[in-house]
1. Show me the strands (runs of 3 or more DSSP E) entirely contained within segment 260-316 in which 3 or more residues are more than 26 Å from VAL339 (Cα to Cα).
2. What number of residues in segment 188-230 are in contact (Cβ under 8 Å) with a residue 60 or more places away in the chain and aromatic (Phe, Trp, Tyr)?
3. Can you tell me how many residues within segment 161-211 are farther than 26 Å from LEU289 by Cβ and open to solvent by 10 Å² or more (accessible area, probe 1.4 Å)?
4. Would you point out the residue of segment 269-282, among those that are open to solvent by 50 Å² or more (accessible area, probe 1.4 Å) and not charged (D, E, K, R), that is modelled with the lowest pLDDT?
5. Going through segment 370-412 one residue at a time, which ones are assigned to a loop (DSSP other than H, G, I, E, B) and either in contact with a helix residue (DSSP H, G or I) (Cβ under 7 Å, 6 or more places away or on another chain) or of a type in the set (Gly, Ala, Ser) (or both)?
6. In segment 131-156, which residue that is open to solvent by 20 Å² or more (accessible area, probe 1.4 Å) and free of Cβ contacts under 8 Å to residues at least 24 places away in the same chain is farthest from the chain's Cα centre (by Cα)?
7. Which numbered condition in (1) surrounded by fewer than 22 Cβ atoms within 10 Å (Cβ to Cβ); (2) in a helix (DSSP H, G or I) is the only one that LEU415 fails?
8. Quick one: count up the residues across segment 289-348 that are charged (D, E, K, R) and over 15 Å from the mean Cα position of the chain (by Cα).
Amino acid sequence: MKKLLCAALLLAILLTACGGEMVPPPPEVPDTPPAETPEAPPEPEEPEPPEDFGEAALQSLLEGMTLEEKVGQIFFVRVPAENALEDVTTYHLGGYLLFGRDTRDKTANDLIQAIASWQSQAVDYSTGIPLLIGVDEEGGSVVRVSSNPHLRSKKFSSPGKLWKEGLDALLRETREKSILLKSLGFNVNLAPVADVSTNSGDFIYDRTTGMDAEETADYTARVTEAQSFYGLGSVLKHFPGYGNNKDTHTGVAVDERSMETFLEQDFLPFQAGIAVEETVWPSGELRRLRPAVLVSHNIVNCMDPNLPASLSPEVHRILREDLGFDGVVMTDDLAMDAVSAYAADGNVAVMSIQAGNDLVVTTDYRTQIPRVIQAVKDGALEEEAVDAACLRVLRWKLELGLLERTEEGTLRSAL
């Protein structure tokens, strides 16, 4: 890990010093057709090799975990103001999300050392499984890293501004953003914003391209692919599409649009991002790195008039079955006002897992994790649901390069 930290620190300092100097684009991988070979007699059929990324090893890792460890792994939580290091072990956390409070006035070295300490705690004193380290670095009005002049001389541009400047500008800035985040220790960027909005009066407009569904879909695919190239996990948000709804941080938003609107417009960018699965990494290796999808708290009447999307089994069914998504699904922050009224006895995390989420994003994890564990013990939540969610999270960590296979076929930390 020391070598990784030194290299990361040097890269972060160089990027900070140059204030946005771009790196050259990665070399193109030529399409070389396979050489023709003479026909050969058919050979006896052999058993198919196991799936890539070690499914058997993932299952073995899961089976060796306690209930408390599995539940902790499906929580992707805001870094607490106090006891961040201790909570990694106490709650067996799956990941930390950093906000402006966590990056403000920090130098690159400050941030690198803090993230490295959390990772060391997870690997050496908890589950042995590295943490997801995430941030909202969308560009424009939502920037947690580039808002700090110690980390970058100016904020990353908004999606709308970049899209208008052209594809080259978009790819250059996405490359720089990916390299900077990775050098600091992040492995997940909660971006791109895949919402379609063409009305400047919409709450979500400034965070989108401001373009129609087709152009937003192109943008979503380009950013997802560029981030994946550098091993940075993407999160497509906010499914099923934010539209013209109001801010769910402060209350309930009800979406009255028709299913046809979602099928013809809002789903298109998510489908484009989901389709980006395999990427040629800088090493020349073809790797699979699926994006995750974040589900909003909007109540979408044409899908489920009774529950916010983040708590709705039907919305998750549509994402899984109709859109064919098999990667990690996460909630928006469950501490937001838009969902609190819908959770029986405050068990909002239990409801979110029952709905089909794999990662629970919340500030209130110290309350919610014990409630999920108790719900499993009481039979109110099936342990199989926790297992399925945890397995997807572990698989994503493997795809992100946080886990690696040993010669014996088991999995261990890659950090």
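1. Per the criteria, 278-280, 286-288.
2. 2
3. So the count comes out to 12.
4. The residue in question is PRO282.
5. Matches in segment 370-412: GLY379, ALA380, LEU381, GLY401, GLY409, THR410.
6. My answer is PRO149.
7. The one condition LEU415 does not meet is (2).
8. 8
The values are calculated or read from the model by the stated rules, or taken from the named source; none is laboratory data. Everything numeric in this text was worked out from a predicted model, so none of it was measured. As a convention, Cβ positions derive from the backbone with ideal geometry for all residues, glycine included, and neighbour counts pool all protein chains shown. The protein model used for the area step is the full one, side chains on, heavy atoms only, and it has no ligands, DNA or RNA in it. Shrake-Rupley method; radii C 1.70, N 1.55, O 1.52, S 1.80 Å.
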